1. Would you mind telling me which numbered condition in (1) touching a Pro at 6+ places or on another chain (Cβ under 8 Å); (2) open to solvent by 60 Å² or more (accessible area, probe 1.4 Å); (3) closer than 21 Å to H768 by Cβ D683 fails?
2. So which of P450, P432, P380 is touching a residue at least 60 places away in the same chain (Cβ under 8 Å) and either among the basic types (K, R) or on the phi < 0 side of the Ramachandran plot (or both)?
3. Just name the residue that is nearest to N355 (Cα to Cα) out of those in the range 255-276 that are open to solvent by 30 Å² or more (accessible area, probe 1.4 Å) and at pLDDT 80 or above.
4. Of the conditions (1) under 32 Å from the mean Cα position of the chain (by Cα); (2) open to solvent by 20 Å² or more (accessible area, probe 1.4 Å); (3) modelled with pLDDT under 55, N572 fails just one. Which one is it?
5. Just for helices (runs of 4 or more DSSP H) wholly inside the range 629-686: which have at least 3 residues that are within 30 Å of the chain's Cα centre (by Cα) and among the β-branched types (V, I, T)?
6. When you look at E200, is it open to solvent by 50 Å² or more (accessible area, probe 1.4 Å), on the phi < 0 side of the Ramachandran plot and of a type in the set (D, E), yes or no?
7. List the helices (runs of 4 or more DSSP H) that sit entirely inside the range 752-871 and contain at least 3 residues that are modelled with pLDDT of 95 or more.
8. Considering only residues that are at pLDDT below 50 and β-branched (V, I, T), look in the range 80-112 and name the one that is surrounded by the most Cβ atoms within 10 Å (Cβ to Cβ).
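The values are calculated or read from the model by the stated rules, or taken from the named source; none is laboratory data. It should be emphasised that the depicted structure is a prediction, and the values quoted were computed from it without experimental measurement. Here the Cβ positions follow ideal geometry from the backbone for every residue, glycine too, while neighbour counts run over all protein chains shown. Note: areas computed on protein heavy atoms with side chains; ligands, DNA, RNA excluded. Shrake-Rupley method; radii C 1.70, N 1.55, O 1.52, S 1.80 Å.
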Amino acid sequence: MIDGRVSQMNTTVCKGLLWRYGFRFQLWHHGKLFLTLDSSILASCNTSRREQHHWFLHDYSCSFPPSERSIETSPTVVVVVVRGCFPLEKGKNLDDMLGFFQHFKFGIHFQSMHFWLVLMRDLMSKPKNSTHSAADSSAVSSTGSGEVENAKKKTLSFVSDDFCGAILDTSFPRMLKREKILHETAISLGALELWSDDFEGKGTFSQYRSRLLELIRFVSFYKPLIAATKVSEKIDTIIKGLLLSSAPTQDLAVMESMQLALENVVNAAFDGSNDFTKANAEVQLALCRTFEGLLQQFISLKWTEPALVEVLVHYLDAMGPFLKYFPDAVGSVINKLFELLTSIPLVIKDMSMHNARHARLQTCTSFIRIAKTADKSILPHMKGIADTMGCLQREGRLLQGEHNLLGEAFLVMASSAGIQQQQDVLRWLLEPLSIQWTQSEWQDKYLSGPHGLVQLCSDAPVMWSIFHTLTFFERALKRSGLKKANWNSENSSTPNSTPLNPMASHISWMVTPLLKLLRCIHSLWSPSVSQALPGEVRAAMVMGDVERFSLLGEGNSKLPKGVTDGSKVDMNKEGYAEPNESDIRNWFKGIRDSGYNVLGLSTTVGDSFFKYLDVHSVAVALMENIQSMEFRHIRQLVHSTLIPLVKNCPLDMWEIWLEKLLHPLFVHAQQALSCSWSSLLQDGRAKVPDVHDILSGSDLKVEVMEETILRDLTREMCSLLSVIASPPLNTGIPSLEQSGHVSRLDMSSLKNLDTVASCSMVGFLLKHEGLALPTLRMCLEAFTWTDGEAVTKISSYCSALVVLAIVTNHAELIEYVSRDLFTSIIKGLALESNAIISADLVGICREIFVYLCDRHPAPRQVLMSLPNITTHDLVAFEESLTKTFSPKEQKQLTRSLFQLATGNKLKALAAQKTVNIITNVSTRPRPANAPESKVDDGDVVGLAAIM
């Protein structure tokens, strides 16, 4: 066993093996790794500890039949897989492992933490119910399950209160990072070795801390009262230390780390699934008393420093699950939050007060988090919150962005109160906004054209007021979804009726000014307009640094703290200073983000969007300047607005809405993508409009950004086509298997395309030539674009086209599928990037040939154009197809024919692995060396030219 061989033995004794031979020891239980120890870790232990460790290994040695050899060895590793439960009659083993966990050396503690984590996870897991076909196997399973549960109970009997308390006492200080604490704090911890970035092979600190928190949660679930007492005592000690400190804000690391511990303890004690806590009234009462005392201590603190306020707010957040079961404390928590909010300065005039602004935001956000966790306990306090909000607004002590956050908290509260309460809250929140939003004065002044928008960019208060109003519309739409639990009889006239969304009556007045705003923003990118813009506005239209870093896969560490460049919108911006380039870029991005989302979310609110809005206004706002839009903006428009619109457009309104919106998009996107991909594959540069004005950066970085932007738009357009081909929007397309596995359909059963188009969006597109032609071209070109993800998305649209060609008598569609699409798919199989979707592509080819070869000569002609095929090969292929009706076997036959006919040069079939579909520009071969796009000589025709 020492030299790496496994001997035929029934028993393995591990005593002394680790220390004597320097092996690494791994202990497994039920397929989970419990412990990994090696001699380098034990080197720092004293002799007595080593002897205990030897005894531990000996005590955990196991026996197996020779046929189930579960010991794997190598010259450096010994793995012992433990089947069954540990023999813990004495409990001395756990004493040893607790000693390792408490050890001041981080390495020893770190290794033993995995043991405790897996052990507690296993002991706290609930038995799974399994179904067996035979009664005897069920009995065996039941017996085995009972034995496991009895063993767990026996093991838990050794995990005493003292054990749990020791684990928690050890875990709390170890949640600190050495680099984050003051020298004085490190001295107070004595010889305890904390996590450091210098450690190797331990992962990241966040990974370690998450495991430690998981262990705290399991211990708290098992012994909630012990955990509550320990965490309360620890926090009390920390707070007292901060109150005595002359500079408490300089040493907040300890306080911040304990907030996470408190959150996990409270969640474990009050998550609703802790049977022990629910069954034991005495424990429940003691828990409530402990946390009530801790909560009162938080409320009594008179902290006003922004950093201290932010930490205290997070502690109040952590108490949310407790408030659900102790509603009497909700009022005092709400009052404390308002007290903290008003204690921080309102007007921020310089960057040195950035922390104060952030603390105010965190305080407002706390209302949302508590509303979620406290659930219905907060409902009786809604009126009081509303009155306080109104008072603060009248006094000018509440910023609009902060009001939005508090309003969102109201929507969370109302969602648990019922639909009527939601409607009342929305009416109360939105009516003041509607008065301002629908006024004609600001729309006439700022939204009458591009020049008005330029003027708006110099009026900071109005500019940011518009932004905050729009973001609140977005929050309201996201929070106004209906819960089935709230669908009661008084809200629905019939059992199957769907209640009216609370936002339905607000859609029309919200969206109409938004469309004017978006139209003005889109117009700025029009060449005739952009040339006449002020330099600052024109500069703000260029991609910012953070967005560039994101496209390059880099971080934004190059920007100073607190500074944004338009890629991240400052949600608390109120406009006290003259807007600069960064502010304007910020605002443009924020309006696009929220504006597109508002439109997309509005389409989900029943049919209000489609019935009460003018389609012409929507089409002009979104599509008038589509040819001037940058690729990333088109991608965002498609993702956030057009895909939801397509999904939710009522069947009887397809004719009104889809052609006006999709036709200009499809025409421009197909032409733009075709041009950019051709440039990328031939010249090595995508040449997208997004980077034309970027002067800084190397050519290589610009190439990477261009390609990333191109691929993002390509995939989004393919996603849109995939949605159009989705089953819910194509109920009129039958499944080929509905008629059985036959290769020839009855010609009399073929349908007219008009019949199918009435309940198929793909059929609807094919009926309208302006919609169909660009999408059909895009399908053919996508297979040559070296982007497997895009092909994966568009393949469902291609599959729908094939089925429609099979079940209808549309001659042009049959010609397109039989010749053009069949050819393009085979070309696509020549690219290794399509290996990920090769099986589906072969399946589509199989359907084309099997169902259409007798109705059109093209499928046979396409196959005969392959370089290595003979007439005999094709005849043999067809004969093989007639011998099986299994689609799987027919696909395999098709695949084999492709490999034979191309000399095994279809790379997607040969790869058989998931490839990296993002091409690295620096290593991408230039087109001169790309065999798939090169014609060898003039003698080959058809598909032979690409092989």
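1. The single condition D683 does not satisfy is (3).
2. Details: P432 fails: touching a residue at least 60 places away in the same chain (Cβ under 8 Å); P380 fails: touching a residue at least 60 places away in the same chain (Cβ under 8 Å).
Answer to the selection: P450.
3. Kept after step one, since they are open to solvent by 30 Å² or more (accessible area, probe 1.4 Å), are these residues of the range 255-276: 256, 260, 263, 267, 271-273, 275-276.
Keeping just the survivors that are at pLDDT 80 or above gives 256, 260, 263, 267.
On the way: E256: 16, L260: 21, E263: 23, N267: 29 Å.
Top of the filtered list is E256.
4. (2)
5. Details: elements: 631-637, 643-648, 654-683.
Here the list is empty.
6. Working: open to solvent by 50 Å² or more (accessible area, probe 1.4 Å): yes; on the phi < 0 side of the Ramachandran plot: yes; of a type in the set (D, E): yes.
Spelling it out, E200 is indeed open to solvent by 50 Å² or more (accessible area, probe 1.4 Å), on the phi < 0 side of the Ramachandran plot and of a type in the set (D, E).
7. Details: elements: 753-757, 761-767, 769-782, 788-807, 811-815, 822-828, 838-852, 858-864.
Result: 761-767, 769-782, 788-807, 811-815, 822-828, 838-852, 858-864.
8. Filtering the range 80-112 for residues at pLDDT below 50 gives 80-90.
Within this subset, residues satisfying the condition of being β-branched (V, I, T) are 80-82.
On the way: V80: 23, V81: 18, V82: 18.
This residue is V80.
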